[in-house]
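Novice: One structure follows; several queries about it will come next.
Each reported figure results from applying straightforward, stated rules to the coordinates on display, with no laboratory input. This is a predicted model, so every value here is computed, not measured. Here the Cβ positions follow ideal geometry from the backbone for every residue, glycine too, while neighbour counts run over all protein chains shown.
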Amino acid sequence: MRTVIRNANVFDTPRMEFAGESTIVIDDGVISSIGGKPPANADETIDAQGACALPGFIDGHYHFRLVTMDFHALLHWSEVEYGIVMERLARETLRRGFTTVRDLGGEVNGLIHAFETGIAKGPRVFRAGRMLTQTGGHGDMDGSPRAAPQCACEMRHDAFSIVADGVDAVTKAARHNLRDGSNFIKMHVSGGVASPRDPFDSVQYTKDEIAAVCQEARNRHTYVAAHAYSPESIRLAVENGVHTIEHGNLIDKDAAAAVAKAGAVMVPTLVTYQSMDLLGAELGLPERNRDKNRIVLKAGLGSLEIAAGAGVTLGFGTDLIGETQNRQNLEFTIRAEAQSAKQILTSMYVVNAKLVGAEGKAGVLKEGAYGDVVLCRKNPLGDIRVLTDWEKNFSHVIKAGEIVHADA
């Protein structure tokens with residue numbers, strides 16, 4: 001299949017500038033040429049009329065499995081119910097311009113297979129698989145009482161996490177995920193907002209457990225991402241081999257210096273805390289969870305300034321839950337309060353592309369790259385917030401040469 005986009009003001013990612021109007025040719029899902037005379041034959045031809053042509057967006061922290069903020073329902077839905085809702089969320093994510101996502105936890109292999117075989121439409125997915133969590137940790141979603149285990153080696157899992165304690169158990173869990181196709185490993189090293197039983201300020205896992213998981217990741221030429229809020233948990237993670245700190249809202253100068261020294265990356269996800277604060281009560285988020293959320297919400301923008309001041313590399317993520325995923329593009333507006341448009345686009349197109357192992361493929365418009373294009377009527381370098389109002393400003397979204405959204 002050949003898709004031709006004419007008269008498009010093409011974004012040059014390395015220069016973070018628009019290079020002027022040109023023709024983009026996509027053959028069989030891959031960009032085959034930019035510039036030159038438009039070919040005579042095409043299956044789809046789009047006249048961009050001078051619109052800004054951007055690479056497809058990359059969400060660096062996404063969750064397909066978190067399909068609703070009703071956490072009790074999450075533990076009781078059937079796979080059919082999950083599949084129906086995840087497929088809808090996937091289509092809506094594409095329409096908002098996100099053609100690639102980094103899924104940070106949950107079983108999504110079946111969904112990815114549906115995308116690959118054409119049964120369903122969705123973004124390109126790079127996934128962590130089931131999250132690793134200690135008993136009573138952020139990923140231990142079972143809030144009910146449990147009998148004491150018969151041995152320290154006992155492990156359990158659900159569609160979200162593997163609960164594993166001790167070096168041997170976390171090693172086994174990491175190896176299972178990697179065997180199952182995970183592109184990287186995710187573990188929780190601090191308390192969280194959404195979980196039922198862990199204190200928010202708790203530090204989770206020991207240095208030996210973290211180091212063991214990181215070694216397994218390195219053995220497979222990949223890395224570990226860690227959910228972490230507190231300075232202590234952030235330092236514990238990066239000093240023992242973790243490559244990405246997810247969220248990092250409570251980071252301080254010392255922890256930021258440790259992240260920078262380790263060459264690690266922080267992926268902020270500010271829009272999810274705003275969304276839980278505004279909509280949590282309406283959507284059934286328990287009060288104890290909303291109380292925890294207020295802490296990280298207040299610290300959000302300050303964490304960007306602290307991290308950037310220490311020279312920490314920042315990615316771009318959203319971490320939105322189910323009913324709030326329609327607020328995905330608001331992350332651009334929130335980040336604009338602390339960063340320039342070029343800094344935000346660098347986080348999304350350059351840093352995120354490295355995190356998903358798709359440098360030269362995602363986040364760029366050039367020969368050999370994915371045929372993922374967002375046509376925006378307004379220039380986001382002038383005001384990045386135009387990417388938030390996607391219904392008004394996006395004339396087309398193309399993924400692998402296929403038009404997945406177009407104005408009526």
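Novice: Please count how many residues of segment 350-393 are touching a Cys at 6+ places or on another chain (Cβ under 6 Å) and either touching a residue at least 60 places away in the same chain (Cβ under 8 Å) or within 24 Å of Asp103 (Cα to Cα) (or both). Spell out the reasoning first.
Specialist: Of segment 350-393, the ones touching a Cys at 6+ places or on another chain (Cβ under 6 Å) are 376, 379, 393.
Checking the rest, the ones that are also either touching a residue at least 60 places away in the same chain (Cβ under 8 Å) or within 24 Å of Asp103 (Cα to Cα) (or both) come to 376, 379.
Residues flagged as touching a Cys at 6+ places or on another chain (Cβ under 6 Å) and either touching a residue at least 60 places away in the same chain (Cβ under 8 Å) or within 24 Å of Asp103 (Cα to Cα) (or both) within segment 350-393 amount to 2.
Novice: What number of residues in segment 69-122 are surrounded by fewer than 18 Cβ atoms within 10 Å (Cβ to Cβ), of a type in the set (D, E, K, R) and not in a helix (DSSP H, G or I)?
Specialist: The qualifying residues number 2.
Novice: Would you point out which residue out of Arg156, Arg197, Arg179 is out of contact with any helix residue (DSSP H, G or I) (no Cβ under 9 Å at 6 or more places or on another chain) and in contact (Cβ under 8 Å) with a residue 24 or more places away in the chain? Lay out the reasoning, then the answer.
Specialist: On the way: Arg156 fails: in contact (Cβ under 8 Å) with a residue 24 or more places away in the chain; Arg179 fails: in contact (Cβ under 8 Å) with a residue 24 or more places away in the chain.
Exactly one of Arg156, Arg197, Arg179 is out of contact with any helix residue (DSSP H, G or I) (no Cβ under 9 Å at 6 or more places or on another chain) and in contact (Cβ under 8 Å) with a residue 24 or more places away in the chain, namely Arg197.
Novice: Report, by residue number, each residue of segment 196-235 that is within 14 Å of His138 (Cβ to Cβ), surrounded by fewer than 23 Cβ atoms within 10 Å (Cβ to Cβ) and within 21 Å of the chain's Cα centre (by Cα).
Specialist: Hit for segment 196-235 is Ser230, nothing else.
Novice: Condition first: part of a loop (DSSP other than H, G, I, E, B) and within 25 Å of the chain's Cα centre (by Cα). Now tell me which residues in segment 1-24 satisfy that. Spell out the reasoning first.
Specialist: First, the residues of segment 1-24 that are part of a loop (DSSP other than H, G, I, E, B): 1, 13-16.
Thr13, Pro14, Arg15, Met16 - these are the residues of segment 1-24 that are part of a loop (DSSP other than H, G, I, E, B) and within 25 Å of the chain's Cα centre (by Cα).
Novice: Can you report the number of residues in segment 13-45 which are hydrophobic (A, V, I, L, M, F, W, C), without any contact (Cβ under 8 Å) to a residue 40 or more places away in the chain and either crowded, with 16+ Cβ neighbours inside 10 Å or closer than 18 Å to Gly56 by Cβ (or both)?
Specialist: As a first pass, look at segment 13-45 and keep what is hydrophobic (A, V, I, L, M, F, W, C): 16, 18-19, 24-26, 30-31, 34, 40, 42.
Adding the requirement that they be without any contact (Cβ under 8 Å) to a residue 40 or more places away in the chain leaves 19, 25, 40.
Keeping just the survivors that are either crowded, with 16+ Cβ neighbours inside 10 Å or closer than 18 Å to Gly56 by Cβ (or both) gives 19, 25.
The number of residues fulfilling the criteria is 2.
Novice: Can you give me the ranges of the helices (runs of 4 or more DSSP H) entirely in segment 305-408 with at least 1 residues that are over 23 Å from Arg6 (Cβ atoms) and hydrophobic (A, V, I, L, M, F, W, C)? Don't jump to the end; show me each part of the working.
Specialist: Values: elements: 330-335, 341-346, 352-355, 390-393.
Those helices (runs of 4 or more DSSP H) span 330-335, 341-346, 352-355.
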